[in-house]
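Trainee: Would you mind keeping the following structure in view while I ask a few things?
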Amino acid sequence: MRNIYALLLLLAIALSAKAQDTTKRVMRRSYTIDETSMVKDSTGKVLSFAEWTALTRTREYLVVPEDFGQLNNKYVLLKKGGDAINHRLHRPAGNIPANKPVNNDPGSAIPPQPPAGDPYDKMKNWPKPIESEYFKTGQQIRSFSTHDINGNKLSLKELRGKIVVLNFWFIGCPACMDEIPALNEVSAKYKNNPNVVFIAVALDTKSYIKKFLAETPFNYQIIDDGGFYAKTYGIGLYPTNLILDKEGKVAMHWVGDAPSAPYWMTKTIDENLK
C-alpha cells in the first residue's frame, strides 16, 4: 500500500512534465518518490514517510526536489501557494562552493542563472515544456462557442484579434492542481490587458467547479462540462495547454505541469502582442 501511494506522488519538476490520462488515471513523464526518499520540512527537519505522506494527503502541501540542478532523491515539503511558487522561481543552483563559478556550458546539468530582474527570466534556460500530441504550432484549430460558468459568452471566432490562452483540466487531476498557482500568476500579469484572454475548459460539472473555486482560486474564465471540446481536439492527457495568436493559430502548446511554463507563456504572449 505504501508503494502504491508513493507511486501516485509523481513529480513533474525540471527535466520533464507530468500529465494525467483521464482513461487510465495514471501519471506520466514524472519522477517517483517513495519511502527511501529524504523529505525535509521548511525548517530542515527530516520527516518520516508516514509524516510527509499524511501531510500530502491533505492536498495543502507539495513535495518538490531540494535541488533542481541535481536530482538526488532529496525533497522539500512546502505549503501550496507562495512557498511552493518561490521555491520554483528561485530554485537553488546546486551544491556549488561560493568561490566556484556556475558552469555556463549549455550542456551543463545546472542552468546558468541570469541577473536579477523578472523572476521568470530564471526559467529561460530550463527545459521548454513538452509539446502535446494534439496540436501543431501554426495550426488553425477548430473554433467553438459556449458560455463560462458565470454565463458569459465565449467564442474563439469572436476572439480573433486577441491572444487566447487555453487550459484543459479536471479537478481530480493532481498535475492540473499543481499548475494552478503558476497559471494564476501569469494571468495576473495581463489582467489589465483586454487583448489577452485566459480560458480554462474543465471536464467537471458547474456545481462541482464552484465548490472547488470556493477554496482554490483559478483566475481563468472557466467552461464547465468541457469534455466534448476536449474530445473534439483529441485530448487525452491533462493538463493540456495552448496559446492561440491573433489569427487563432497555435503559437505554443504543451502537456503536463511544466515548471518553465510561466517563462515560455509570457514570452509567447508578449511576442504575439506586438
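Trainee: Based on the alpha carbons, how large is the Rg to Rh ratio for segment 145-273 when Rh follows Kirkwood? Mind showing how you got there, number by number?
Mentor: Values: Rg = 13.5 Å, Rh = 14.7 Å.
Rg/Rh for segment 145-273 comes to 0.92.
Trainee: Within straight cross-link reach of Lys191, meaning Cα distance under 20 Å, which lysines are found once same-chain residues fewer than 8 apart are removed?
Mentor: Lys153, Lys162, Lys246, Lys267, Lys274
Trainee: Where does each of 174-184, 128-138 land if you order them by average Cβ count within 10 Å, highest first? The partial results should precede the final answer.
Mentor: On the way: 174-184: 21.5, 128-138: 17.0.
In descending order of packing, they fall as 174-184, 128-138.
Trainee: Provide the packing ranking of 261-269, 153-161, 245-253, i.e. peptides ordered by the mean count of other C-beta atoms within 10 Å per residue, highest first. Please report the intermediate quantities before stating the final value.
Mentor: Numbers: 261-269: 20.8, 153-161: 13.2, 245-253: 18.3.
For the peptides 261-269, 153-161, 245-253, the packing ranking is 261-269, 245-253, 153-161.
Trainee: Given Cys173, Tyr220, Ile163, which one lies farthest toward the positive end of the charge dipole of segment 145-273, if we put +1 on the Cβ of every Lys and Arg and -1 on the Cβ of every Asp and Glu?
Mentor: Ile163
Trainee: With a cut-off of 8 Å between alpha carbons and a minimum separation of six or more residues, what is the relative contact order of segment 145-273 in percent? Intermediate values should be presented prior to the final figure.
Mentor: On the way: 210 pairs, mean separation 42.9, N = 129.
Computed over segment 145-273, the figure is 33 percent.
Trainee: Run the dipole for segment 145-273 about the Cα centre, Lys and Arg Cβ at +1, Asp and Glu Cβ at -1, nothing else charged, and hand back the magnitude in debye, nearest 20.
Mentor: Values: 13 positive and 14 negative charges, 80 e Å.
About 380 debye.
Trainee: A follow-up question, please. Pull up the cross-link candidates among the lysines for Lys231, meaning alpha carbon to alpha carbon under 18 Å and not fewer than 8 places away within one chain.
Mentor: Cross-link targets: Lys24, Lys136.
Since every read-out is calculated from the coordinates, none of them should be taken as a lab result. Quick caveat, the model's predicted, so the values are computed rather than measured. Neighbour counts run over all protein chains shown; Cβ positions are idealised from the backbone, glycine included.
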